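**Q** Could you have a look at this structure, given as structure tokens, before my questions?
The values are calculated or read from the model by the stated rules, or taken from the named source; none is laboratory data. Fair warning: this is a prediction, and the values are worked out from it, not measured in the lab. Neighbour counts are summed over all protein chains in view; Cβ atoms, including those assigned to glycine, are modelled from backbone coordinates with ideal geometry.
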Amino acid sequence: MHELTAREALPKHVPIIAEHDTWISVDPIVGCPANCSYCYLGPIGLKARLPQPRVSPGRAVEMLCEYLDETRSHMGGDIDSTPVCLGNYTDMLLTAANQDYLRAFATELAGADLSRPLVVVTKGRMPRPLALALDDLNIAVVIFCSQSFHRTTLELRTEKGPVLAPDQTFDAGAECRDIKNIAMVHFWRPVVRKSVPSADWAVRAVRRLKDSGYRCSVAIGLSVGAGIAQEELVQTGLLEGTAEARDELWDAEAWQDINSAAAAVGYPVYRSTSCAIALATGRAEALGVWDCRRGAAEQCLPCHCPRTQRDLCQSRTLQPEVAQEHLAWIADTLGSSMSGLEVLPGRRVRTGGRVRQSMISLTLHKYQIELLPESISAERAWLGRFGRESGNE
Ligand code: SF4
């Protein structure tokens with residue numbers, strides 16, 4: 001398996017449309033006014049920066065439609081409903097200009113009638129007039145409010161700039177709780193032991209999240225991948241010393257406290273963003289996290305997931321057969337032959353050579369097939385969960 005070097009992990013340019021693990025990322029704006037020590041935008045020079053729009057909201061939606069047409073027009077009624085996530089290289093709520101952009105983009109998206117949820121990940125607060133304007137568009141919007149809780153326990157600030165403090169994150173949830181088309185999700189990242197000081201603290205935090213109107217949380221560990229500046233993590237106390245590059249350092253004890261609190265309070269804390277989107281939109285989880293061959297033992301079964309949601313997910317099963325036409329599409333797109341594809345249990349397909357990250361995500365979204373290439377050609381600063389034989393069970 002080819003390991004990424006730091007140089008390879010840095011994207012040379014940020015694509016405007018890109019397929020990520022959970023969503024289709026639309027990035028018409030680059031630059032984030034926040035400055036977080038664990039952020040993948042640091043090494044590519046995009047944090048603590050004024051956001052720079054590159055195309056208009058109308059053009060961004062047009063490019064999205066062109067991309068969907070190019071990648072999915074042949075699928076007919078079988079088309080996937082992968083969400084659209086706006087602004088992964090900025091923060092759409094941290095400046096007034098970005099908020100205006102979000103409103104205009106959502107309006108164009110509603111006009112395009114794509115039936116895909118709109119996701120925004122933010123450390124900012126949704127102003128009430130913007131929330132009401134988005135609600136009027138009648139599209140499903142999922143806001144991931146990122147709050148690490150580092151500020152409650154760590155002496156050094158890991159997040160600088162105009163980001164919300166923990167109390168403000170609780171308020172931000174409460175302000176949108178009555179908005180029908182907006183689901184508020186708390187993004188608990190990165191979870192480190194120091195920021196979850198005790199089991200009692202975890203119960204209090206989870207109860208406040210629930211009482212503030214958050215539908216659920218998603219807990220993610222600390223990334224120490226090749227695209228992360230580890231020196232900053234050491235300086236701020238998040239990391240004891242530099243570590244071998246890998247996607248996620250997961251603190252099992254901190255998770256135990258959080259997950260026990262989730263069960264005690266009756267509030268879902270998930271391990272995958274796709275679970276939160278499933279719960280928020282009333283659909284089955286789309287990537288197969290509920291299947292034992294896709295990581296259910298770690299990502300699904302331990303989570304305190306409502307019975308109705310579990311029933312929804314259980315109604316889906318991974319089709320054991322991989323259709324010949326899907327294999328033909330993979331071979332054609334990779335420029336290889338069908339004989340070079342080895343079909344494994346759990347809708348996994350092993351292939352030789354080097355495959356782009358976006359191709360792995362696209363194949364997963366379109367056909368629920370996980371490609372396992374010999375090596376992955378990096379397009380993002382993080383490797384993601386899919387495409388590696390060691391990535392799941
Ligand atoms: S049943 Fe499992 S996969 Fe489905 S939403 Fe719940 S935790 Fe996620």
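**Q** Based on what the data block shows, is Ser358 more than 16 Å from the ligand (Cβ to nearest atom), part of a loop (DSSP other than H, G, I, E, B) and small (Gly, Ala, Ser)?
**A** Numbers: more than 16 Å from the ligand (Cβ to nearest atom): yes; part of a loop (DSSP other than H, G, I, E, B): no; small (Gly, Ala, Ser): yes.
When the stated conditions are applied, Ser358 does not pass them.
**Q** Filter region 360-376 down to the residues that are over 16 Å from Val322 (Cα atoms) and free of Cβ contacts under 8 Å to residues at least 40 places away in the same chain and list them by number.
**A** Of everything in region 360-376, just one residue is over 16 Å from Val322 (Cα atoms) and free of Cβ contacts under 8 Å to residues at least 40 places away in the same chain, namely Pro373.
**Q** I would also like to ask the following. For region 261-279, how many residues are assigned to a helix (DSSP H, G or I) and within 16 Å of the ligand (Cβ to nearest atom)? Spell out the reasoning first.
**A** Step one: list which residues in region 261-279 are assigned to a helix (DSSP H, G or I), which gives 261-265, 273-279.
Subsequent filtering for residues that are within 16 Å of the ligand (Cβ to nearest atom) retains 262-263, 273-279.
Within region 261-279, residues that are assigned to a helix (DSSP H, G or I) and within 16 Å of the ligand (Cβ to nearest atom) number 9.
**Q** From Gly58, Gly77, Gly45, grab the single residue that is out of contact with any Pro (no Cβ under 7 Å at 6 or more places or on another chain) and on the phi > 0 side of the Ramachandran plot.
**A** Gly45
**Q** Pairs only if they're at least six apart or on different chains, beta carbon under 6 angstrom, first in region 286-298 and in a helix (DSSP H, G or I), second at pLDDT 90 or above; list them, first residue then second.
**A** Note: pairs meeting the criteria are Arg294/Gly288; Ala296/Trp290.
**Q** Restricting to region 66-98, name every residue that is among the hydrophobic types (A, V, I, L, M, F, W, C) and under 21 Å from the mean Cα position of the chain (by Cα).
**A** Of everything in region 66-98, those that are among the hydrophobic types (A, V, I, L, M, F, W, C) and under 21 Å from the mean Cα position of the chain (by Cα) turn out to be Leu68, Ile79, Val84, Cys85, Leu86, Met92, Leu93, Leu94.
**Q** Exactly one condition in (1) under 20 Å from the mean Cα position of the chain (by Cα); (2) within 27 Å of Ala254 (Cα to Cα); (3) not hydroxyl-bearing (Ser, Thr, Tyr) is not met by Pro117; state its number.
**A** Pro117 satisfies every listed condition except (2).
**Q** While we're looking at this one, here's another question. Name every residue in region 285-298 that is near the ligand (Cβ under 7 Å from one of its atoms) and either in contact with a strand residue (DSSP E or B) (Cβ under 9 Å, 6 or more places away or on another chain) or modelled with pLDDT of 95 or more (or both), in order of residue number.
**A** Correct list: Glu285, Val289.
**Q** So Gly335 fits all but one of (1) crowded, with 17+ Cβ neighbours inside 10 Å; (2) more than 17 Å from Glu389 (Cα to Cα); (3) more than 28 Å from the chain's Cα centre (by Cα); what number is the exception?
**A** (1)
**Q** Residue under question is Asp178, and the condition is that it be loosely packed, with under 15 Cβ neighbours inside 10 Å, in a helix (DSSP H, G or I) and among the charged types (D, E, K, R); does it hold? So that I can check it myself, show each step before the final result.
**A** On the way: loosely packed, with under 15 Cβ neighbours inside 10 Å: yes; in a helix (DSSP H, G or I): no; among the charged types (D, E, K, R): yes.
Judged against the criteria, Asp178 is not a match.
**Q** Okay, moving on. In region 299-348, what residues are in a loop (DSSP other than H, G, I, E, B), near the ligand (Cβ under 9 Å from one of its atoms) and without any contact (Cβ under 8 Å) to a residue 12 or more places away in the chain?
**A** Within region 299-348, just Leu301 meets the criteria.
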